[in-house]
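The values are calculated or read from the model by the stated rules, or taken from the named source; none is laboratory data. If you're wondering where the values come from, they're calculated on a predicted model, not measured in any experiment. Note that each Cβ is placed from the backbone with ideal geometry, even for glycine, and that neighbours are counted across all protein chains shown. All accessible areas refer to the heavy atoms of the entire protein, side chains included, with ligands and DNA or RNA removed. Shrake-Rupley method; radii C 1.70, N 1.55, O 1.52, S 1.80 Å.
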Amino acid sequence: MEAVGAKTGVIAVKAKKVQAVEAVEAACRKSEVKVQLLGDYYPAGDEYDLVHEVTGRLIPPAGIPIQVGVVVNNVETLVNIAAAAAGKPVLHKTLTVAGAVREPVTLHVPIGTSFRACLEAAGEPP
């Protein structure tokens, strides 16, 4: 919030993630950050829906959140910013492999790991 001059911050969390909701709500007490509970859907990085659900603002077609006064960061980005601020290089990427695989999985892999290796970690299609 300080870095972008925001007066308020919102952390959006799926309501079904009860422990995460409780932890985030506890961490945000006595702060300018509010918690927004989300439904159980996978936004696939869809900032348009997230921005509209949290703020009521509509990003124009082919636009970006800053055009409506919003900055969106995901958890991994915030973790990487904190690491960089502490002088630590970003050496890993967190990603989820799902769909036509035997076992959907979230992986924390070194940068440069091939997609093939990530798919292999999730198993061949059933």
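Could we say that A122 is open to solvent by less than 50 Å² (accessible area, probe 1.4 Å) and either over 30 Å from T55 (Cα atoms) or among the charged types (D, E, K, R) (or both) here?
Considered against the rule, which asks whether it is open to solvent by less than 50 Å² (accessible area, probe 1.4 Å) and either over 30 Å from T55 (Cα atoms) or among the charged types (D, E, K, R) (or both), A122 comes out as yes.
Can you name the residue in region 106-116 that is touching a strand residue (DSSP E or B) at 6+ places or on another chain (Cβ under 8 Å) and assigned to a loop (DSSP other than H, G, I, E, B) and is also farthest from N74 (Cα to Cα) among such residues?
In this case the residue turns out to be T113.
Does T96 satisfy the condition of being of a type in the set (S, T, N, Q) and assigned to a strand (DSSP E or B)?
Considered against the rule, which asks whether it is of a type in the set (S, T, N, Q) and assigned to a strand (DSSP E or B), T96 comes out as yes.
Of the residues E53, E25, E76, E103, only one is under 29 Å from C118 (Cβ atoms) and either in a helix (DSSP H, G or I) or β-branched (V, I, T) (or both); which? Spell out how you get there, then give the answer.
Numbers: E53 fails: under 29 Å from C118 (Cβ atoms); E25 fails: under 29 Å from C118 (Cβ atoms); E103 fails: either in a helix (DSSP H, G or I) or β-branched (V, I, T) (or both).
From the options E53, E25, E76, E103, the qualifying one is E76.
Any chance you could count how many residues in region 27-45 are open to solvent by 50 Å² or more (accessible area, probe 1.4 Å) and aliphatic (A, V, I, L, M)?
Adding up the residues that qualify gives 3.
For region 56-105, enumerate the residues that are polar (S, T, N, Q) and open to solvent by 90 Å² or more (accessible area, probe 1.4 Å).
If we filter region 56-105 for residues that are polar (S, T, N, Q), which is where we start, we get 67, 73-74, 77, 80, 94, 96.
Passing the criteria: only Q67.
May I ask you to list pairs of residues, at least six apart or on different chains, whose Cβ atoms are under 7 Å apart, with the first in region 13-26 being in contact (Cβ under 8 Å) with a residue 24 or more places away in the chain and more than 17 Å from N74 (Cα to Cα) and the second being surrounded by fewer than 15 Cβ atoms within 10 Å (Cβ to Cβ) and of a type in the set (D, E, K, R)?
K16/D40
For I111, indicate whether it is among the aliphatic types (A, V, I, L, M), in contact with a His (Cβ under 7 Å, 6 or more places away or on another chain) and open to solvent by 90 Å² or more (accessible area, probe 1.4 Å). Spell out how you get there, then give the answer.
Values: among the aliphatic types (A, V, I, L, M): yes; in contact with a His (Cβ under 7 Å, 6 or more places away or on another chain): yes; open to solvent by 90 Å² or more (accessible area, probe 1.4 Å): yes.
Against the criterion (among the aliphatic types (A, V, I, L, M), in contact with a His (Cβ under 7 Å, 6 or more places away or on another chain) and open to solvent by 90 Å² or more (accessible area, probe 1.4 Å)), I111 qualifies.
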